[in-house]
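Right, one structure below, let's go through it.
The values are calculated or read from the model by the stated rules, or taken from the named source; none is laboratory data. Here the structure is a predicted model, which means the values were calculated and not measured. So basically every Cβ, Gly included, is an ideal-geometry build from the backbone, and we count neighbours across all protein chains shown.
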Amino acid sequence: MGENILGLILYCVPALITGAIAFLFFKEHIYNENNRRNYLLHKENQKETLPIRLQAYERMALFLERISPNKLLVRTNPLSSDKDSYETLLIQSIEQEFEHNLSQQIYISDECWSIINAAKNATVQLIRKSSLSDKINSADKLREAILTDSMDKRAPSDAALSFIKEEVNKLWSIN
């Protein structure tokens with residue numbers, strides 16, 4: 001009877017080892033298959049979303065170009081000689097451009113959106129700061145002061161534009 005149990009154990013041990021190896025093999029195979037499937041789905045999604053994301057970056061680059069003080073002043077002429085109404089007109093122009101592009105934040109990174117938002121706010125602050133000067137008493141003087149200020153230092157939108165270019169380069173290198 002002891003020999004029968006020993007013989008049974010000797011037959012069962014290799015079967016159990018073979019079964020365990022097969023189980024581990026199939027478990028690993030299923031895991032790898034799921035990863036491959038997820039990778040293919042992710043790759044397919046990227047093919048579809050990449051053009052949309054690139055378009056969003058293009059639109060935000062255009063927004064930053066349009067709010068650059070030099071280009072903004074060329075595009076937005078004063079309606080009167082009142083500096084306050086011109087300041088309001090410039091800021092409204094920036095805000096309208098921004099609101100027009102609000103939906104683009106879905107397609108770009110949070111960090112990029114924050115930098116774009118900061119560039120917009122810095123541009124508005126530059127206009128307001130220039131308007132506060134006692135020396136400026138007309139729309140033309142305000143325009144002159146903003147242009148002079150923007151020649152002396154880099155426009156806030158330039159840094160954001162550089163960041164967008166870096167992000168787009170990263171997108172291209174991933175694909």
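What do you reckon, is PHE25 modelled with pLDDT of 85 or more, in a helix (DSSP H, G or I) and either among the β-branched types (Val, Ile, Thr) or under 19 Å from the mean Cα position of the chain (by Cα) (or both)? In short, no.
I'd like the residue in segment 23-53 that is among the basic types (Lys, Arg) and under 23 Å from ASN169 (Cα atoms) and, out of all such residues, is surrounded by the most Cβ atoms within 10 Å (Cβ to Cβ). Here the residue is ARG53. Annotation: LEU79 fulfils all but one of (1) out of contact with any Leu (no Cβ under 6 Å at 6 or more places or on another chain); (2) closer than 30 Å to LYS129 by Cα; (3) among the hydrophobic types (A, V, I, L, M, F, W, C); (4) assigned to a helix (DSSP H, G or I); the unmet one is (4). Can you pull out the residues in segment 59-70 that are in a helix (DSSP H, G or I), over 18 Å from ASP140 (Cβ atoms) and of a type outside the set (Val, Ile, Thr)? Passing the criteria: ARG59, MET60, ALA61, LEU62, PHE63, LEU64, GLU65, ARG66. Pairs meeting the criteria (first residue in segment 134-159 and under 15 Å from SER81 (Cβ atoms) and crowded, with 21+ Cβ neighbours inside 10 Å, second residue modelled with pLDDT under 90 and of a type in the set (A, V, I, L, M), beta carbons under 8 Å, at least 6 apart or on different chains) are LEU142/ILE136.
If only residues of segment 114-132 that are within 19 Å of SER80 (Cβ to Cβ) and not hydrophobic (A, V, I, L, M, F, W, C) are counted, the one that is surrounded by the fewest Cβ atoms within 10 Å (Cβ to Cβ) is ARG128. Checked against the criterion of being assigned to a helix (DSSP H, G or I) and surrounded by 11 or more Cβ atoms within 10 Å (Cβ to Cβ), the candidates GLU99, GLU111, GLU95 yield just one match: GLU95. Contact map, segment 113-131: first residue farther than 15 Å from THR88 by Cβ and free of Cβ contacts under 8 Å to residues at least 40 places away in the same chain, second residue crowded, with 18+ Cβ neighbours inside 10 Å and among the basic types (Lys, Arg), Cβ cut-off under 9 Å, separation 6 or more or different chains; the map is empty. Every listed requirement among (1) surrounded by 16 or more Cβ atoms within 10 Å (Cβ to Cβ); (2) of a type in the set (Gly, Ala, Ser); (3) in a loop (DSSP other than H, G, I, E, B) is met by ALA56 save one, (3).
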